Amino acid sequence: MFRGFAGLVLFGFVLSGIAGPVASATEPLPAPATTEASPSPEAGPEPVDDPVLVAEQQAADKAAATGADVVVDALTTPTELVTASPDGKFTKTLTVEPTRMLHDGGWAAISTDLIEAGGVLRPKMAPAALSLGKGGSAHISTVGHDGD
């Protein structure tokens, strides 16, 4: 243990010899130098450029104004849903599987309920382009990516 203590003393001596005098525990440390002027209290908050923070604030404001939860689209994914509540809190709901998808510039709930369209059956809203024949021999099925 003495050996380790001696190493610390030597290390401290080397640092003080290289870096200059070391402040003692009773000396106040110098104030950090500032290169920028601090904003005045009258200036108000600085504008925010981060689109996610802007979206959060807009959702929080809308939730407070309407009294209803508002989805934060910028933070929403196929497996995560973020909502702002009127009380100022945010809630993130996670799912194991995708439950929503981007469609026409917004989020839509995935629905595998079949509807008839163009003589075939298709899911109402699915991330894959799927069509099923209604019977007969002309069309059995096709599968592609959304938009194909």
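From the phi angles alone, apply the Karplus equation (6.51, -1.76, 1.60; θ = phi - 60°) to the stretch 91-103 and give each ³J(HN,Hα) in whole Hz, x where the residue is Gly or Pro.
Result, rounded to whole Hz: 10, 10, 10, 10, 10, 6, 10, x, 10, 8, 8, 6, 8.
As an exercise, use a Förster radius of 25 Å and the Cβ-Cβ distance of SER111 and LEU53 to find the FRET efficiency, rounded to the nearest 0.05.
Taking R0 as 25 Å, the efficiency between SER111 and LEU53 is 0.20.
Can you list residues whose amide H is under 5 Å from HIS103's amide H, if they're 5+ apart or on another chain and H is modeled 1.01 Å from N?
ALA108
Check VAL72: other-chain or 5+ apart residues with amide H under 5 Å from its amide H, H built from backbone geometry?
VAL82, THR83, ALA84
Sequence neighbours fewer than 8 away in the same chain don't count; with that in mind, list the lysines whose C-alpha is under 16 Å from LYS62.
LYS89
What are the ³J(HN,Hα) couplings of the stretch 124-132, residue after residue, when phi is run through the Karplus curve with 6.51, -1.76, 1.60 and θ = phi - 60°? Round to Hz, x for glycine and proline.
Using θ = phi - 60°, the values come out as 4, 8, 9, x, 10, 7, 10, 9, 10 Hz.
Highest first, please rank the peptides 122-128, 107-113 by the mean number of other Cβ atoms sitting within 10 Å of their residues.
Packing proxy ranking, top to bottom: 122-128, 107-113.
In percent, how large is the relative contact order of the stretch 73-118, given Cα pairs closer than 8 Å and 6 or more residues apart?
29 percent
Any read-out appearing in this document is the output of simple, stated calculations on the displayed coordinates, not a laboratory observation. The structure displayed is predicted, hence computed values, not measured ones. Note that each Cβ is placed from the backbone with ideal geometry, even for glycine, and that neighbours are counted across all protein chains shown.
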